[in-house]
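Visitor: Just passing along the structure, written as C-alpha cells.
The values are calculated or read from the model by the stated rules, or taken from the named source; none is laboratory data. Just so we're clear, the structure is a prediction, and the values are computed from it rather than from any experiment. Cβ placement follows ideal geometry from the backbone for every residue including glycine, while neighbour counts extend to all protein chains displayed. Keep in mind that these areas ignore ligands, DNA and RNA; they rest on the heavy atoms of the full protein, side chains included. Shrake-Rupley method; radii C 1.70, N 1.55, O 1.52, S 1.80 Å.
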Amino acid sequence: SDMALAVPLLQLLLASTPCWMVYAVLVRGYYAQQDTLTPALLGTVLTVLFIPVYLYLAVPAGAAGIALASAASMACYTALLMAVWVRREGRLAFQGLLSTALRSGACALPACLGGWWLDQLIRSRLFLHPVFTSLLGLACGGLFFLAVFLPLSAKFCHGAPDPLLQKLAGRFRRRGPALRAALACAYIL
C-alpha cells in the first residue's frame with residue numbers, strides 16, 4: 001500500500017527529469033570555468049524563494065503539492081542557470097537543444113506508452129507477490145522502452161544515441177552476442 005501511495009508522487013517528481021539532465025550538463029560548464037559560486041547561490045536563492053510555494057501547495061495538496069513544488073523548483077533553477085549562461089556565453093551553447101528535445105520526446109512517447117501498457121498488463125494478470133510483480137512489470141516495460149526508443153532515436157535523432165551505443169559496445173565487445181545483449185539491457189536498466 002505504501003508503494004501505491006508513492007507512485008503518483010514519483011510521477012510528479014519525474015516530470016522534472018529533463019530539467020535534471022540539462023542541469024547535469026550545464027553545471028559542469030560552470031564548474032569547467034571554475035565557477036562553483038553561481039550555481040550554489042542561485043540554488044540557495046531559489047530554495048528560499050520557493051519556501052512559500054512549498055507551504056502554499058502543501059496545505060491543499062499534501063505530499064503531491066510538495067512533489068509538484070519540487071519539480072517546479074527544479075525547472076525554475078535550470079531555467080535560471082540557462083539564462084545566466086546565455087547572458088555570459090551567448091545562445092550558441094543551446095543551439096539545437098529544443099529541436100533535439102522535441103524529436104527525442106516524440107521518439108520516447110510511443111516507447112513510454114507501450115512500456116506503461118505492458119507494465120499495467122503484467123500487474124493486472126500476474127497474481128504474485130506485489131513487489132515481484134512490480135519489478136517484473138518495470139523490467140519488461142523498461143526493455144520495451146529500450147527496444148522501441150533506440151531504433152526510433154537512431155533514425156530521427158541523428159546521432160543522439162551514439163554515445164550510449166558506443167559505450168555499450170566498448171563494455172561488451174569481448175563477450176558473446178547473446179550475453180552482450182543481455183548485459184547491455186541490464187546495464188541500461
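Visitor: Can you give the accessible area per residue of segment 74-154, in Å², using a 1.4 Å probe?
Guide: Numbers: 5100 Å² over 81 residues.
Here the per-residue accessible area is 63 Å².
Visitor: Next up: Write down the Kirkwood hydrodynamic radius of segment 1-152, to one decimal in angstroms, obtained as one divided by the mean of 1/r over all alpha carbon pairs. Don't skip to the end; give the middle numbers.
Guide: On the way: mean 1/r = 0.0554 Å⁻¹.
Answer for segment 1-152: a Kirkwood hydrodynamic radius of 18.0 Å.
Visitor: Based only on Cα atoms, what Rg/Rh ratio does segment 1-90 have, Rh being taken as Kirkwood's radius?
Guide: 1.06
Visitor: Kindly provide the chymotrypsin sites (Phe, Trp or Tyr not before Pro) of segment 65-145 that DSSP labels as loop, not H, G, I, E or B, and whose Cβ sees at most 11 other Cβ atoms within 10 Å.
Guide: Details: sites: 77, 85, 94, 116, 117, 127, 132, 144, 145; in loops: 127.
Hits after loop and neighbour filter: 127.
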